[in-house]
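Working notes for the structure below.
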Amino acid sequence: MDNSPRQNPLPVAETAWREINLSAIASNYRAVRAAVGQGTKIFACLKQDAYGCGAGKVASVLSAAGADAFGVVSAADALAVREAAPGKPILMYPGIGPDAVDLVRDLDLTISISGEEDLAGWLATGAPLKVFVKVDLGFWRAGVSPANLRRLLDLCASQRSIAVAGLYAHLSEFGDAGSSAPEQVARLSPLLEELKAAGRLPKTIMVSSSESLLHHPEFDMGAVDPGALLFGLVRSCAGRRTLSICAALSAIKARIVALKTSDDSMGAPPDLPGYRPDMRLAVLGIGWGHGVPRHLDASASVLVRGRRASIVPPIHLEHLRIDVTDIPEAMLGDEAVLLGSSGGDRITLPELARVWKTDETGVACGPRESLRRIDVAREFKPNQQEGE
Ligand SMILES: *Cc1c(COP(=O)(O)O)cnc(C)c1O
């Protein structure tokens, strides 16, 4: 891969940026589509500005690729998705309330109803509403409990302004705590049977997102709503299904904006981890203001001209120091790679997640708006981000 350090991929000079591979998202979508087939709708979950990749751009890519609908939480994400995908259903996961009723009408949004109090608030607006009822099968978060589902559906059915288009759950899949995905779905199955027998089954039933898509094909049902998987943010793409998935966030980079060899005319050296006399320090134009974690230890490194340079904490609002004593060829303006490839070396998403003490989703959703996104559509081999 070409990594000539001074090459500038930006239309204007930036000191730091992230690279998003939108074609990887389209490819991941196609892998999910191939797995679930045509009989299951795909609600692409684009919450948190599409996991940091930019909700508007991602929505237009996925809309063109054939996504059936979108799921978001915030009004800002709903606006971006609506603009990019005018005709597609948008499901609002629990978040907005009845004070957003004008937005719901103007953008033609489908709201979630998680309980009776929730329903009463929306009914008070008098507006006609398209609704998905959310049931909590063991996440212990939003959603009506299985025991109260039937009553909530009956209440909805008694209201002329409410059209229940779907019933959905989000499975808890955080390891050992709580119940397994099959145990959670088993809480819903008899209720679905009952509703079906009564001819009251909502049109769309949806319980499966990234993890269960991989591990439980039997939970596909009428629709699925993967998020992380579409952005290549799952740790493994193999379960009972194996999908060819590529990370959409392909790089985080910053330029060297200052460079000097330390000398004692600056006074006694501050308590810099790894300090040595004649240390050559480079300053990168990225800091915790861009979303880099404020507290990283000195074992964290970046790549400069294909070589590892340790960071020298603490991290500042706009700046991050690195030790380039052993990289004499480092120059002002060079690209430093926090995530991605440089020369023959590479910092992978799992590695950066470990250093940032988070997971892949934490890295993707960590950067702030001030860290510019640039779109790179490059050739990639499926699963190239997997190995380390
Ligand atoms: C976040 C979320 C999803 C997507 O989950 P992934 O694990 O990222 O696939 C789906 N549905 C709901 C309700 C969510 O909150």
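Out of Glu329, Glu318, one residue alone is part of a loop (DSSP other than H, G, I, E, B), at pLDDT 95 or above and in contact with a helix residue (DSSP H, G or I) (Cβ under 7 Å, 6 or more places away or on another chain). It is Glu318. Within the range 125-145, the set of residues being part of a loop (DSSP other than H, G, I, E, B) and either charged (D, E, K, R) or not assigned by TED's automatic domain parsing to the domain that holds Gly115 (or both) comprises Asp136, Arg141. Of all the numbered requirements in (1) assigned to a loop (DSSP other than H, G, I, E, B); (2) surrounded by 22 or more Cβ atoms within 10 Å (Cβ to Cβ); (3) out of contact with any helix residue (DSSP H, G or I) (no Cβ under 7 Å at 6 or more places or on another chain), Met206 misses one, and that requirement is (1). Looking across the range 356-375, the residues that are closer than 14 Å to Gly54 by Cα, of a type outside the set (Ser, Thr, Tyr), in contact (Cβ under 8 Å) with a residue 24 or more places away in the chain and part of a loop (DSSP other than H, G, I, E, B) come down to Gly366, Pro367, Arg368, Leu371. Annotation for the range 183-194: no member residue is within 13 Å of the ligand (Cβ to nearest atom) and among the small types (Gly, Ala, Ser).
Each row is one residue, and each column tells you yes or no for (1) surrounded by 19 or more Cβ atoms within 10 Å (Cβ to Cβ); (2) touching a Pro at 6+ places or on another chain (Cβ under 8 Å); (3) within 10 Å of Arg321 (Cα to Cα).
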position: Ile256; (1), (2), (3): yes, no, yes
position: Asp271; (1), (2), (3): no, no, no
position: Tyr275; (1), (2), (3): no, yes, no
position: Ser299; (1), (2), (3): no, no, no
position: Gly306; (1), (2), (3): no, no, no
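Within the range 277-297, restricting attention to residues that are assigned to a strand (DSSP E or B) and in contact with a His (Cβ under 9 Å, 6 or more places away or on another chain), which residue is surrounded by the most Cβ atoms within 10 Å (Cβ to Cβ)? Steps first, answer last, please.
Of the residues in the range 277-297, the ones assigned to a strand (DSSP E or B) are 280-284.
Still in the list and also in contact with a His (Cβ under 9 Å, 6 or more places away or on another chain): 283-284.
Numbers: Val283: 22, Leu284: 28.
Step by step, filter the range 277-297, then rank; the result is Leu284.
Selection of the range 146-171 for residues being under 17 Å from Val224 (Cβ atoms) and outside any strand (DSSP E or B) yields Ala169, His170, Leu171. Against the definition (touching a residue at least 60 places away in the same chain (Cβ under 8 Å) and part of a helix (DSSP H, G or I)), how does Leu229 come out, yes or no? Yes; evaluated as a whole, the condition is true for this residue.
I'd like to verify a number: residues in the range 249-293 that are charged (D, E, K, R) and touching a strand residue (DSSP E or B) at 6+ places or on another chain (Cβ under 9 Å), how many? Before you say what the answer is, go through the steps one by one.
Of the residues in the range 249-293, the ones charged (D, E, K, R) are 253, 255, 260, 263-264, 271, 276, 278, 280.
Next, only the ones that are touching a strand residue (DSSP E or B) at 6+ places or on another chain (Cβ under 9 Å) stay: 253, 255, 260, 276, 278, 280.
Selection size over the range 249-293: 6.
Being more than 25 Å from Ser370 (Cβ to Cβ), buried (at least 22 other Cβ atoms within 10 Å of the Cβ) and within 14 Å of the ligand (Cβ to nearest atom) is a condition met by at least one residue of the range 113-122.
Is one or more of the residues making up the range 45-67 farther than 22 Å from Ile374 by Cα and over 21 Å from the mean Cα position of the chain (by Cα)? Let's see the steps before the verdict.
Here is the first cut: in the range 45-67, the residues farther than 22 Å from Ile374 by Cα are 66-67.
Next, from what is left, pick out any that are over 21 Å from the mean Cα position of the chain (by Cα): none.
Taking every residue of the range 45-67 in turn, none turns out to be farther than 22 Å from Ile374 by Cα and over 21 Å from the mean Cα position of the chain (by Cα).
Taking the listed residues Leu62, Leu46, Leu91, the one that is in the same structural domain as Gly222 (by TED's automatic domain parsing), away from the ligand (no atom under 13 Å from the Cβ), in contact (Cβ under 8 Å) with a residue 40 or more places away in the chain and surrounded by 23 or more Cβ atoms within 10 Å (Cβ to Cβ) is Leu62, with no other qualifying. Residues in the range 94-112 that are within 16 Å of Leu46 (Cβ to Cβ) and crowded, with 19+ Cβ neighbours inside 10 Å: Ile96, Leu109, Thr110, Ser112.
The values are calculated or read from the model by the stated rules, or taken from the named source; none is laboratory data. What you are looking at is a predicted structure, and each value in this text was computed from that prediction instead of being measured. All Cβ positions, even for glycine, are placed from backbone atoms using ideal geometry, and neighbour counts span all protein chains on display.
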